[in-house]
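Chemist: I have a structure I would like to understand better, so I am pasting it below and will then ask my questions one at a time.
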Amino acid sequence: MTSSVKDIQENEHRIAVHDDEGRKVLDLLKVALSGIPEGVLRRIEVEQLLLNTSFMTNIPHAIQRMTNITHLHLLDLDIGGGLVEFPCAVAELNNVIFLEFWGHNRITSIPRGTCARLKRLQTFKMKCCSVKLLPCDFSEMKQLQHLDVRDNPVDNLPVAVSGLTKLQHLALDEHRLTEFIEQAPLNISRNIHAIDISWTLTSKLPPQLTTLHSLDTLYVGTDDTRNVFPFFQHHFVHAADRGSHLLIPPREVLDGGQDSVDAYYSSLEKTSASRQKRGKMLLNGKSMAGKTSLGNAIEHVLREQEGRKGEERQTSCLTEVEDRTVSVEERQLYVGDVDL
């Protein structure tokens, strides 16, 4: 990195804001900053701001002037020590819906009262920070849907998320998973659709995972498959019987043993997130009626013809398209370092 605060201050016209998916984005991840230059703070049109905080110890309160920010990324890319405390000024950005901290910074806590002000936040990522306790008002972020607390020594996760009724996607360390399932309120844990434990799995998956009846996506690292396979192999039938939608390799892959599963996962690695689908074959008539409806219609025709011998044969109107039989079984497994 060759740019610096001085470079930006002397060349403010080079601070380029570009459009990305309809948002005005300012990306300064390649700039070695020890603070946020005035020229950046004046760009109030910015909606997504990406900062490399490796050489920053704090975020200035003046960032509140950037009132249009909806997505804020504070990333310690150089593992330089980074932020020493949670930047309270972030809570004054009333339009923020996506907040991300990443890297080995020195943030150990979130000040009380901060979360209550982040009323619109939908995604909160704190991967690789040093947070030990989540504040008592953490559940005040009522719109939160995605939470990533991997690589944090958090001790009170189940209690902290007790009021997050919209939480659907959770990324956490594998050794915290059982605690979360057993201690989090049922109205929270049973709403979880996706869990990300990629690159944290050190043992077999806990059998309690089958109790998460809404779970339909599991993220694991490519080195984790040997620990994942026994769970899939031993809990597949029970999970299906109990209504769990845990997404696992197809039955024929499991029956082929570990080599078969390894080959299956290897094929998935060719893309960062591969989706596998299986569908049941149906016998469909011209009007797309399923085999049961088709059989009933044929039987109806035979009865009609038996009672009307000599008359012109009647044609049958098969079941309407909207009444046809549809049966699709879908399974997914995401392998690799994929964020929620």
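Just so you know, all these numbers are worked out from the coordinates, no wet-lab data involved. Here the structure is a predicted model, which means the values were calculated and not measured. Glycine gets a Cβ as well: all are built from the backbone with ideal geometry, and neighbour counts include every protein chain shown.
Chemist: Run the numbers for Ala116 and Thr57: contour at 0.36 nm per residue of separation, minus the present Cα-Cα distance, in nm.
Modeler: Details: separation 59, 0.36 × 59 = 21.24 nm, distance 2.38 nm.
Between Ala116 and Thr57, full extension yields an extra 18.9 nm.
Chemist: Can you give me the distance in nm between label points at His175 and Lys30, each placed 7 Å from the Cα along the Cα-to-Cβ direction?
Modeler: Placing both labels 7 Å beyond Cα along the Cβ direction yields 3.9 nm.
Chemist: By how many nm would the segment from Asn94 to Asn68 lengthen if fully extended, with 0.36 nm per residue of separation less the alpha-carbon distance? Walk me through the intermediate numbers first.
Modeler: Working: separation 26, 0.36 × 26 = 9.36 nm, distance 0.84 nm.
8.5 nm is the gain from fully extending Asn94 to Asn68.
Chemist: Spin-label point model (7 Å from Cα, Cβ direction): what's the Asn187 to Lys166 distance in nm?
Modeler: In this crude spin-label approximation the distance works out to 1.6 nm.
Chemist: What is the dipole size for region 71-170, taken about its Cα centre, with +1 at each Lys and Arg Cβ and -1 at each Asp and Glu Cβ, in debye to the nearest 20?
Modeler: Around 300 debye, computed over region 71-170.
Chemist: Working out 0.36 nm times the residue gap between Leu41 and Thr108, then minus their Cα-Cα distance, what length gain in nm do you get to one decimal?
Modeler: So the extension gain works out to 21.5 nm.
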